[in-house]
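Take a look at the structure set out below.
The values are calculated or read from the model by the stated rules, or taken from the named source; none is laboratory data. Just so you know, these numbers come straight off a predicted model, no measurement behind them. No Cβ is skipped: glycine too gets one built from the backbone with ideal geometry, and neighbour counts run over all protein chains shown.
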Amino acid sequence: MPTRRSSTKGFKRTDSLLSAKIRQASETRGFAQSRLLTQWAEIVGEDVSSISRPVEVSYGRGGMGATLTLLTNGSNAPILEMQKEQLRAKVNAVYGYNAIARVRVTQTAATGFAEGQVAFDAKPKMRADTAVDPVIRQRATDTVGTMGDESLRDALARLGENILNKTER
């Protein structure tokens with residue numbers, strides 16, 4: 001049986017080099033799962049991740065159930081307070097068991113102390129009707145042609161505009 005040759009040619013994957021360092025840094029803050037920090041937006045959703053950041057997971061004296069501390073600004077704290085149970089369920093799904101018993105919301109000013117300087121800005125959304133070239137709009141409408149269903153024709157025309165705008169850029 002011939003021996004199998006390595007296809008990596010002496011190179012190592014980046015995650016194998018960095019995973020120990022990332023785990024060590026996240027464990028100092030109590031995060032047993034570094035995925036909670038690195039994939040926060042995928043775990044809780046874009047709307048919650050744009051207004052909050054996980055700061056710490058602390059364990060009580062009894063060791064039964066941890067407390068997840070979230071950092072947000074003052075105006076978004078009531079929104080997070082209402083969603084505590086849903087957030088706890090989503091985070092526990094990452095751990096695979098009921099690791100987080102409580103979620104605590106901590107408020108910070110928009111600017112201030114070094115620990116609280118976290119940007120909670122959402123990405124600006126592009127409006128569909130901005131910067132549309134009338135020539136491209138007409139080309140997309142002409143390409144779609146006539147149809148019996150007006151809403152379908154309009155949707156296809158908007159799709160065509162988006163495609164043509166992207167290819168023009």
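See the values below:
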read-out	value
Residues within the stretch 143-163 that are of a type in the set (S, T, N, Q) and within 17 Å of residue 133 (Cα to Cα), tallied	2
Members of the stretch 45-79 found to be more than 20 Å from residue 35 (Cβ to Cβ) and either of a type outside the set (Val, Ile, Thr) or touching a Leu at 6+ places or on another chain (Cβ under 6 Å) (or both), listed by number	60, 61, 62, 63, 64, 72, 73, 74, 75, 76, 77, 78
Of residues in the stretch 52-65 being crowded, with 19+ Cβ neighbours inside 10 Å and among the hydrophobic types (A, V, I, L, M, F, W, C), the one modelled with the highest pLDDT	55
Boolean, residue 34 is modelled with pLDDT of 85 or more, in the same structural domain as residue 104 (by TED's automatic domain parsing) and touching a helix residue (DSSP H, G or I) at 6+ places or on another chain (Cβ under 9 Å)	no
Residue list for the stretch 42-71, restricted to those being of a type in the set (Gly, Ala, Ser) and part of a loop (DSSP other than H, G, I, E, B)	45, 50, 52, 60, 62, 63, 65
